[in-house]
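First up is the structure itself, then whatever we jot down about it.
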């Protein structure tokens, strides 16, 4: 079984790696490319709806152990490129159904990119990531290592979807289906954004910053064992909350905080429907 073999090799590294070990890793990486294995996957029995597959992260880290740094330059004089031999750029064909617009984008081998995905230059998708069918990854956007992005999402220009490899049990960032991530947003530290949510321009989500839900009159936070979870259909914008203790109160200082101002309705859908014209 692939999982058993990967965990055995990761947990008990040999004195030197043999051809059989490289062949095992190539089988594992192909499973990542095909979306057959994922660093996190839906789990209806989990409180968040997702579970981490720590062994998959072990397999990805194993690739860094196995690979030597090699010259991958197309033109070593004009643009040198050196990286691990185990992680070249991902190979696509026309039949892959992925639209990669010219202009400096890079997609690392060992990630899943679904049919109908649009990649606007320059963008980057790292190893272990999963990007579902029909999603757009816009200019200067990053899909970090092991991040999971659903179907028909829009990751707008300069948005950062954070990655995580270690610790292997840590939840990666999860973006569920039909989510709109606005320009210059950042989603980090295992945050889960549920389906059809909308993040307004410049929204930052992480474990440290509470999210104020004005509609439901609650405050959303991460806990010691659970990530921050943005509810389905929430429309989140960048906001501020006043410092209530001295000297910040006297100085009139406010701290950044995300705010849920509404939940998706027909008006919201009409605005973001324009995104379909770009696909």
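Kindly express, to the nearest 10 degrees and within the range 0 to 90, the angle between helix 54-66's C-alpha long axis and the longest C-alpha principal axis of the chain.
With rounding to tens, the tilt is 50 degrees.
Quickly rank 153-161, 205-213 as a protection proxy: mean count of other C-beta atoms within 10 Å, highest first.
In decreasing order of mean packing, 153-161, 205-213 become 153-161, 205-213.
Please compute the modelled spin-label separation between residue 16 and residue 89, points set 7 Å along Cα→Cβ, answer in nm with one decimal.
Inter-label distance under the simple model: 3.4 nm.
Give the Kirkwood hydrodynamic radius (Å, one decimal) of region 128-208, defined as one over the mean of 1/r across all pairs of different Cα atoms.
Hydrodynamic radius (Kirkwood, Cα only) of region 128-208 equals 12.0 Å.
Label 7 Å along Cα→Cβ of residue 240; region 193-225 residues with amide nitrogen under 16 Å?
Residues 202-204 fall inside that zone.
Considering only DSSP beta bridges where both residues belong to region 147-237, give the percentage that are antiparallel (nearest 5).
Percent antiparallel among DSSP bridges in region 147-237 is about 15.
Would you mind telling me the antiparallel percentage of the DSSP bridges in the chain, rounded to 5?
Antiparallel: roughly 35 percent of the beta bridges in the chain.
Rank-order 45-53, 8-16 by packing density, defined as the average count of other C-beta atoms within 10 Å over each peptide's residues, highest first.
Answer by packing, highest mean first, reads 45-53, 8-16.
Rounded to two decimals, what is Rg over Rh for region 2-68 when you use alpha-carbon atoms and the Kirkwood radius?
That ratio is 1.04, to two decimals.
Would you mind getting me the FRET efficiency between residue 45 and residue 253? Use the beta-carbon distance for r and R0 = 51 Å, nearest 0.05.
0.70
By average Cβ neighbour count within 10 Å, what is the ranking of 26-38, 249-261 from highest down?
26-38, 249-261
Relative to the first principal axis of the alpha-carbon coordinates of the chain, what is the inclination of helix 19-34, with its axis defined by its Cα atoms, in degrees from 0 to 90 and to the nearest 10?
That works out to roughly 40 degrees.
When a/c is below 1.5 the answer is rounded, else prolate if a/b is larger than b/c, else oblate, so apply that to region 1-131 with a ≥ b ≥ c taken from the square roots of the Cα gyration tensor eigenvalues.
In terms of gyration-tensor shape, oblate.
Can you tell me how region 125-279 classifies by the Cα gyration tensor, rounded, prolate or oblate, using a/c under 1.5 as the rounded cut?
It comes out oblate by the Cα gyration axes.
How far is helix 2-11 tilted, in degrees, relative to the longest principal axis of the Cα atoms in the chain, given as a value from 0 to 90 rounded to the nearest 10?
90
At 20 °C and 1.002 mPa s, what whole-number value in µm²/s does Stokes-Einstein give for the translational diffusion of the chain, with Rh from the Kirkwood sum over Cα pairs?
107
Using only helices, what value at 222 nm comes out for the chain when you add -39,500 (n - 2.57) per DSSP H run of length 4 or more and divide by the total residues, to the nearest 500 deg cm²/dmol?
-5500 deg cm²/dmol
Nearest 5 percent is fine: what portion of the DSSP beta bridges confined to region 1-125 is antiparallel?
Expressed as a percentage, antiparallel bridges in region 1-125 total about 65.
Going by how many other Cβ atoms sit within 10 Å of their own, how do 123, 136 line up, fewest first?
Exposure proxy ranking, most exposed first: 136, 123.
Distance from the Cα centre of region 92-108 to that of region 219-267, in angstrom?
A separation of 37 Å, based on Cα centres.
What is the distance, in nm, between label points placed 7 Å from the Cα along the Cα-to-Cβ direction at residue 65 and at residue 261?
Once both label points are built, they end up 4.9 nm from each other.
Find the relative contact order for the chain and round it to a whole percent, using C-alpha pairs within less than 8 Å whose residues are 6+ positions apart.
Here the relative contact order equals 10 percent.
Treat each spin label as a single point 7 Å out from the Cα along the C-beta direction, and report the residue 4 to residue 212 distance in nm.
Calculated label separation equals 5.5 nm.
Values in this text are rule-based calculations from the coordinates and carry no lab data. Quantities reported herein were computed from a predicted structural model and do not represent experimental measurements. Positions of Cβ are backbone-derived with ideal geometry, glycine not excepted, and every protein chain shown enters the neighbour counts.
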